[in-house]
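Okay, so here's the structure we're looking at.
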Amino acid sequence: MTSARVSSVRGAPVRVLRLERVRGRLWAQDPAVAASKALRFAPGDLTGDGLGMDRARYDRLSRTVDEVYHCGASMNMAAPYRHLASVNVGATARVVEFCRRGRVKRLHHLSTLGVFLAARESGRPEVDERTPPSAQTCGRIGYPRSKFEAETLVAGAAAQGLPVTVYRPGLVLADSRSGVSPADDFVARLHAAAVLTGCHPLSLSRIPVVPVDYTAEMIAELSPRPAPTAGAYHVLLPEARPAVELFDQAKDYGYPLVEVPPDTWRAELKARGSSRTALAMRTLAIAEYILGLSKHRALPDHRCEAVTDVLRRLGRHERLGSGFFTPMFRSFIDRNVLPPLPPLPLS
């Protein structure tokens with residue numbers, strides 16, 4: 001597909017700054033892609049009319065673009081629905097409108113397995129790629145609810161004839177090559193809170209995980225293929241990982257953590273109320289489900305047969321290697337997400 005042109009619509013305001021940041025990140029990952037003349041940027045605003053572009057550019061893109069990968073979203077897991085709706089729902093409606101305008105475009109919509117966050121609590125202990133999400137399976141927390149509403153819009157457009165493929169990644173982990181991940185994502189905050197308190201909660205969930213680079217590679221492999229006849233692609237590693245493994249990896253790296261009951265964990269966070277790290281985790285209700293702090297709020301079991309079948313036919317068997325977490329912890333320390341390891345006791 002070297003002859004294809006790729007246009008990226010980025011959110012405004014501070015357009016030049018964001019454009020340079022995108023180029024810088026691309027250059028760090030793949031200089032050849034960053035320098036490619038096939039890659040074009042179209043500064044805009046996904047929440048604005050006409051995607052924040054002038055009419056001429058909007059119309060030109062609507063006539064020349066063949067496929068749209070909608071990855072723009074607010075991933076603030078602590079924000080209420082009303083603060084997320086304009087980006088996660090409103091922007092999706094505008095992207096759907098763009099896909100219908102001019103040349104009909106295939107829409108690749110990036111959702112989340114969070115649309116099943118409360119599935120076990122609502123009576124569905126297992127979900128697969130054909131399971132329809134609902135207001136009950138996503139629950140009341142703002143982020144998964146907003147992503148469910150966005151999927152509902154996309155499903156409606158598909159029912160009216162728009163070509164659509166939906167991808168639902170699991171919990172996205174650090175880049176498997178560099179260990180880098182956002183300093184404010186769930187995994188970073190979780191480890192920061194555990195190291196701050198010296199403990200972690202007893203956790204019952206098995207978490208569907210996928211490194212960020214695997215996520216991109218899997219979607220690149222899947223997107224040229226026909227969309228599933230029903231449902232979506234669940235983009236995750238075939239084997240879910242016990243939530244407690246996240247903390248065990250920190251222990252193996254050298255942080256002294258002890259397992260405590262969830263109520264004790266909450267009390268330890270509350271006792272450090274002046275800490276932004278503790279406050280961020282205390283207000284993150286989604287952690288109750290992701291970690292599984294009670295048997296009713298544990299995550300459901302996730303199945304990904306369609307993705308597994310495609311990867312098998314490609315001869316790929318994705319697994320987390322034994323050394324995956326080491327560069328992640330090094331990156332956290334380098335960026336002051338975590339403190340340096342405590343000194344070893346003298347023998």
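Within the stretch 25-55, the set of residues being polar (S, T, N, Q) and touching a residue at least 40 places away in the same chain (Cβ under 8 Å) comprises just one member, Thr47. Collect the residues in the stretch 241-268 that are farther than 24 Å from Pro343 by Cα and hydrophobic (A, V, I, L, M, F, W, C), keeping them in residue-number order. Result: Ala243, Val244, Trp265, Ala267.
Here the condition is being in contact with a Leu (Cβ under 8 Å, 6 or more places away or on another chain) and surrounded by 16 or more Cβ atoms within 10 Å (Cβ to Cβ); of Leu222, Leu237, it holds for Leu237 alone.
Listed here are the residues, each with its yes/no results for (1) crowded, with 23+ Cβ neighbours inside 10 Å; (2) over 25 Å from Arg297 (Cα atoms); (3) in the same structural domain as Val127 (by TED's automatic domain parsing).
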site: Arg168; (1), (2), (3): yes, no, yes
site: Asp184; (1), (2), (3): no, no, no
site: Val187; (1), (2), (3): no, no, no
site: Thr215; (1), (2), (3): no, yes, yes
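Out of the stretch 240-284, which residues are loosely packed, with under 15 Cβ neighbours inside 10 Å and hydrophobic (A, V, I, L, M, F, W, C)? If the condition is that a residue be loosely packed, with under 15 Cβ neighbours inside 10 Å and hydrophobic (A, V, I, L, M, F, W, C), then Val258, Ala267, Ala271 are the ones that fit.
Is it true that Pro144 is outside the structural domain of Pro224 (by TED's automatic domain parsing) and either buried (at least 21 other Cβ atoms within 10 Å of the Cβ) or without any contact (Cβ under 8 Å) to a residue 24 or more places away in the chain (or both)? Answer is no for this residue.
The values are calculated or read from the model by the stated rules, or taken from the named source; none is laboratory data. Just so it is clear, the structure is predicted and the values come from calculations on it, not from any experiment. Cβ coordinates were reconstructed from backbone atoms using ideal geometry, including for glycine residues, and neighbour counts include every protein chain displayed.
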